[in-house]
Amino acid sequence: MCVFFENDGFSVRIFAVERFVWDAAVRSVRPRPFGALVFRIGGEGRFFFGDGTRVLSRAGDVIYVPQGLSYEVEHTAGEVLAMHFRESGGGERAENYTPKNSCAVAELFFEAHRLFSAGTLPARMETLSVFYKLLSMLGEGETQEACESTAFLRAFSILAEEYADAGLGIAEICSRAGISESAFRRSFCARYGKPPIRFLTELRLRRAQRLLVSGKESVESIALSCGFRDVKYFYRVFKRYFGTTPSESRSV
């Protein structure tokens with residue numbers, strides 16, 4: 001399959017990373033002066049493009065929509081993360097991908113959303129880096145194996161989006177997503193090689209490190225904003241994970 005970003009002259013300028021939730025509907029979209037890379041968290045969409053291409057996008061898939069292409073979409077109730085960008089040297093046809101690891105791709109989309117929402121120039125540059133990581137993963141090809149269940153992806157999206165909430169725990173995540181804790185832990189460990197609670201802690205730690213380096217808030221304030229209720233515990237796990245204390249990390 002021809003992958004849209006294999007052109008040597010391909011480049012982008014990202015101007016939006018947004019999350020959309022909607023009910024079942026049919027929409028017509030006129031040609032737009034920008035391209036889109038969209039990760040489907042839930043639901044499915046049937047796309048009918050102006051050039052005759054037809055695409056079915058399900059939960060866990062990523063769809064590329066080139067600029068200047070009109071389409072009609074019939075979609076169920078669902079949720080997506082979309083990266084919008086001006087492109088040069090891109091493709092002319094829409095393409096849908098079923099990644100080998102939908103959860104790893106989902107993590108990158110959520111990371112891009114968090115970074116772009118920060119609004120700073122360094123964060124926007126990091127967003128572009130994440131975008132090219134996504135292209136690298138998509139370029140590895142497709143798999144015919146069944147992708148993760150919608151319930152698992154929903155649980156992962158809750159974890160990735162709300163990890164800074166100190167009251168968020170694995171039990172609540174699973175309850176809201178409609179998946180048993182044992183099934184979620186088993187699937188998560190199989191895909192990531194670690195339990196979800198450790199992954200949750202690492203997300204909080206990485207966010208704390210970014211805030212320590214770029215911000216001027218107190219260590220205590222940053223710890224609390226990243227989901228750590230106990231500041232002493234935050235110091236211990238931060239030192240264990242990064243090899244430096246939060247204060248030392250700030251001065252690096």
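See the values below:
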item	result
Selected residue (criterion: farthest from V29 (Cα to Cα)) from residues of segment 41-59 that are in a loop (DSSP other than H, G, I, E, B) and small (G, A, S)	A59
Given (1) of a type in the set (A, V, I, L, M); (2) assigned to a helix (DSSP H, G or I); (3) open to solvent by 10 Å² or more (accessible area, probe 1.4 Å); (4) touching a strand residue (DSSP E or B) at 6+ places or on another chain (Cβ under 9 Å), number of the condition A104 does not satisfy	(4)
Identity of the residue in segment 116-133, among the aliphatic types (A, V, I, L, M) and modelled with pLDDT under 90, that ends up least open to solvent (accessible area, probe 1.4 Å)	A123
Test: residue in segment 75-87 that is open to solvent by 40 Å² or more (accessible area, probe 1.4 Å) and farther than 17 Å from P31 by Cα	yes
Options R93, R13; residue that is open to solvent by 20 Å² or more (accessible area, probe 1.4 Å), touching a Ser or Thr at 6+ places or on another chain (Cβ under 6 Å) and more than 24 Å from R191 (Cα to Cα)	R93
Among the residues listed as S187, S218, S225, the single one being of a type in the set (S, T, Y) and closer than 18 Å to E111 by Cβ	S225
Qualifying residue in segment 148-163 (condition: closer than 22 Å to L200 by Cβ, at pLDDT 90 or above, out of contact with any Lys or Arg (no Cβ under 7 Å at 6 or more places or on another chain) and part of a loop (DSSP other than H, G, I, E, B))	no
Every residue from segment 170-182 that is surrounded by 13 or more Cβ atoms within 10 Å (Cβ to Cβ), of a type outside the set (D, E, K, R) and without any contact (Cβ under 8 Å) to a residue 12 or more places away in the chain	S175
Residue selected from segment 20-35 under the condition within 24 Å of the chain's Cα centre (by Cα) and surrounded by fewer than 10 Cβ atoms within 10 Å (Cβ to Cβ), by the criterion farthest from Q67 (Cα to Cα)	D23
Failed item, numbered, when V237 is tested on (1) out of contact with any helix residue (DSSP H, G or I) (no Cβ under 6 Å at 6 or more places or on another chain); (2) more than 28 Å from V62 (Cβ to Cβ); (3) open to solvent by 50 Å² or more (accessible area, probe 1.4 Å); (4) in a helix (DSSP H, G or I)	(3)
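The values are calculated or read from the model by the stated rules, or taken from the named source; none is laboratory data. The structure displayed is predicted, hence computed values, not measured ones. Quick reminder, even Gly has a Cβ in these numbers, built from the backbone with ideal geometry, and neighbours come from all protein chains shown. Only protein heavy atoms, including side chains, enter the accessible area calculation; ligands, DNA and RNA are left aside. Shrake-Rupley method; radii C 1.70, N 1.55, O 1.52, S 1.80 Å.
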